[in-house]
Amino acid sequence: MKNETRKQLISWILFVIMLALGFTMILPFIWTLSSSFKFKREIMGFPIDWIPANPTVNNYVKLWSNYPFLTYYLNTIKVTLIVLVVQITVSSMASYAFSKIKFPGRDLIFFLYLATMMVPWHAIMIPQFIIVSSMKLYDTHAAIILLQLFSAFSVFMMRTAMMNVPTELSEAAHLDGANELTIMLRVIMPSCKPSIATLIVFTFNFMWNDYLGPMIYLNADRNKTIQLGLASLKSQYTSEYGLIMAGTICALIPMIIIYLAAQKYLINGITFTGVKA
């Protein structure tokens, strides 16, 4: 009984600690949400007024009516979805080849491809810019899309998941006369749903929140993504904090939807592939 009581006490202590940490992490989001409904003079007030005394939606109205925020939003959706679809498709096909098809030099090629993850992006940033500029793709969405279509991390993650699928399943499908594409789509991929969902979340999160890439390759206001749009609300002499907070909340909505939709598979996918979040 003493051991059982001690375990329950430890569980409650850990629960309280995790609850406090979780509340600490969500506190900035609560402040951002509250500030988005405040006038500029109230945002920096102290002590913090967590519930606005005079809530207003003026920041949201001004953001969507006085600024091309819809254009930023649509540009980000366009770039993110194209990269997401192509990257998942290419990574799945490459991962299937590296995990289920035997060919000369397979492991060496995979090792060399994986080694590209060790190269910091900042080391190839200038050569990439020169190549993109020489291809006349500067200030186009194609520059952002092409640079992100292929990901060694995605291939590594999907290959790890596919390696855990019993080979006997694909061998049985071979005996039934199925080709490689059919086996991948109908046998292997359904078993990798948690990993696919996890990869979708990671890829969507990276593309949606990417700031450095669009800042380098996009210049015209009509091509900017949502992160550049939020940055444009801050000038050299002043910052529209109310608009920034409202824009941040609007930018968070798709991410929250993606996480809620994929949370059923997210933990299982990370555990299944052995990848740390």
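The values are calculated or read from the model by the stated rules, or taken from the named source; none is laboratory data. Not measured: the values here are computed from a predicted model. Backbone-built Cβ (ideal geometry, glycine too); neighbour counts: all protein chains shown. Surface areas here come from the heavy atoms of the whole protein model, side chains and all, with no ligands, DNA or RNA. Shrake-Rupley method; radii C 1.70, N 1.55, O 1.52, S 1.80 Å.
Helix 152-163 and the long axis of the chain differ in direction by around 50°, with both axes built from C-alpha atoms.
Arranged from highest to lowest average of other beta-carbon atoms within 10 Å per residue, in what order do the peptides 168-179, 31-42, 6-17 appear? If you can, show how the numbers build up before the last one.
Working: 168-179: 12.4, 31-42: 17.5, 6-17: 10.0.
So the order, starting with the most tightly packed, is 31-42, 168-179, 6-17.
Both radii are taken from the alpha-carbon atoms of segment 15-156; with Rh as the Kirkwood radius, Rg/Rh is 1.15. Each helix, a run of at least 4 DSSP H residues, gives -39500 (n - 2.57); summed and divided by the residues of the chain, these come to -23000 deg cm²/dmol at 222 nm.
A 22 angstrom limit on the alpha carbon distance is what I want to check against. Which of 193/264; 38/62; 102/264 exceed it?
Values: 193/264 10 Å; 38/62 13 Å; 102/264 33 Å.
Check vs 22 Å cut-off fails for 102/264.
Segment 1-63 and segment 101-140 have Cα centres separated by 42 Å. Computed over neighbours whose Cβ is under 13 Å from that of residue 158, the net charge equals +3, Lys and Arg +1, Asp and Glu -1.
Take every pair of alpha-carbon atoms less than 8 Å apart whose residues are at least six positions apart; their mean separation over the length of the chain yields a relative contact order of 30 percent. With Rh defined as the Kirkwood radius, the inverse of the mean 1/r over Cα pairs, the Rg/Rh of segment 142-182 is 1.21. Toward the positive end of the charge dipole of segment 11-118, with +1 on the Cβ of Lys and Arg and -1 on the Cβ of Asp and Glu, the farthest Cα among 90, 22, 111 is that of 90.
If the only charges are +1 at each Lys and Arg Cβ and -1 at each Asp and Glu Cβ, what is the size of the charge dipole of the chain around the Cα centre, to the nearest 20 debye? Please report the intermediate quantities before stating the final value.
On the way: 20 positive and 12 negative charges, 72 e Å.
Using only the charged Cβ atoms, the result is roughly 340 debye.
Excluding residue 218 itself, what net charge comes from residues whose Cβ is under 14 Å from its Cβ, given Lys and Arg +1 and Asp and Glu -1? Neighbourhood net charge equals 0. Counting protein heavy atoms only, the chain has 69 percent of its accessible area on carbon and sulfur, 1.4 angstrom probe.
Our summary of shape: the Cα atoms of the chain have principal axis extents of 74, 71, 34 Å, ordered from largest down, in whole angstrom.
Name the residue, out of 29, 156, 98, whose mean-square fluctuation peaks in a Gaussian network model built on the chain with Cα pairs under 10 Å. Between 29, 156, 98, it is 29 that shows the largest mean-square fluctuation. Computed log10 I(q)/I(0) for segment 6-86 at 0.20, 0.22 Å⁻¹: -0.93, -0.99, from the Debye equation with unit scatterers placed on every C-alpha and solvent omitted. Packing, taken as the mean count of other beta carbons within 10 Å per residue, orders the peptides 130-137, 196-203, 104-111, 84-91 from highest to lowest as 196-203, 84-91, 130-137, 104-111.
So, for segment 1-88, what is the accessible surface per residue at a probe of 1.4 Å, expressed in square angstrom? Don't skip to the end; give the middle numbers.
Details: 6390 Å² over 88 residues.
In whole numbers, segment 1-88 has 73 Å² accessible per residue.
Do you know the relative contact order of segment 2-87, to the nearest whole percent, from alpha carbon pairs under 8 angstrom that are 6+ apart? Could you put the intermediate results ahead of the total?
On the way: 25 pairs, mean separation 17.3, N = 86.
Relative CO of segment 2-87 lands at 20 percent.
Between residue 39 and residue 264, the modelled labels are 4.7 nm apart [label points 7 Å from Cα along Cα→Cβ]. Please report the orientation-averaged projected area of segment 175-235, defined via the convex hull of its C-alpha atoms, in nm². Spelled out: convex hull of the Cα atoms, projected over all directions, averaged, 6.6 nm².
Structural descriptor for segment 13-63: relative contact order 36 percent, calculated from alpha carbon pairs under 8 angstrom and at least 6 residues apart. Axis of helix 241-273 versus longest Cα principal axis of the chain: the two differ by about 30°, to the nearest ten degrees.
Considering only 52, 241, 158, the residue lying farthest towards the positive end of the dipole of the chain is 52, judged by Cα position with unit charges set on Cβ.
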